[in-house]
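Trainee: Structure below; questions to follow.
The values are calculated or read from the model by the stated rules, or taken from the named source; none is laboratory data. The shown structure was predicted, so the numbers you read here are calculated from the model rather than taken from an experiment. Note: ideal-geometry Cβ built from the backbone for every residue, glycine included; neighbour counts use all protein chains shown. Side chains are part of the model used for accessible areas, which takes the heavy atoms of the whole protein and leaves out ligands, DNA and RNA. Shrake-Rupley method; radii C 1.70, N 1.55, O 1.52, S 1.80 Å.
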Amino acid sequence: QVQLVESGGGLVQAGGSLRLSCAASGRTFSPYAMGWFRQALGKERQFVARINWSSGRTGYTESVNGRFFISRDNAKNTVYLQMNSLKAEDAGVYYCAAGLRFSAVDSRQASDYGYWGQGTQVTVSP
């Protein structure tokens, strides 16, 4: 019923920028929140950024705060992640997530998000 498709990943040099997009499809799409998570090779999936779908209120993990910016286009059912000043530790597979339960509001936990995209690879070279 809800499908998420990420795009925009790729290989960038440290200090560079990438903009990820996540388009949602579905007849009814009104999540409480959407978020971005990432998973480095051999690591657990971790929270990166979230956005309240109605208010636009955002939140970030400390390591990306000031460098990454999440935004949404409600009319297009799309969420974006602008990533600037990329570091090697930012590399990984980035997953878009949609939270359709109230528990997703202001949530940084993957378990609060019920729908996930396939992921898009972000590689940062030295």
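Trainee: Calculate the spin-label point distance for Gln3 paired with Lys43, positioning each point 7 Å from the Cα along the beta-carbon direction, and give it in nanometres.
Mentor: 3.1 nm
Trainee: By how many nm would the segment from Ser103 to Lys76 lengthen if fully extended, with 0.36 nm per residue of separation less the alpha-carbon distance?
Mentor: 7.4 nm
Trainee: Kindly report the accessible area of the range 71-126 per residue (heavy atoms of protein chains, probe 1.4 Å, no ligands, DNA or RNA), in Å².
Mentor: I get 49 Å² per residue for this part.
Trainee: Measure off, as a whole percent, the carbon and sulfur share of the 1.4 Å-probe accessible area of the range 74-126, all protein chains present.
Mentor: Roughly 51 percent of what the probe reaches on the range 74-126 is carbon or sulfur.
Trainee: Right, next: Explain nothing, just compute: Karplus ³J(HN,Hα) = 6.51 cos²θ - 1.76 cosθ + 1.60, θ = phi - 60°, for every residue of the range 109-118 in order, whole Hz, x for Gly and Pro.
Mentor: 3J(HN,Hα) across the range 109-118, in whole Hz: 9, 4, 5, 7, 9, x, 10, 9, x, 6.
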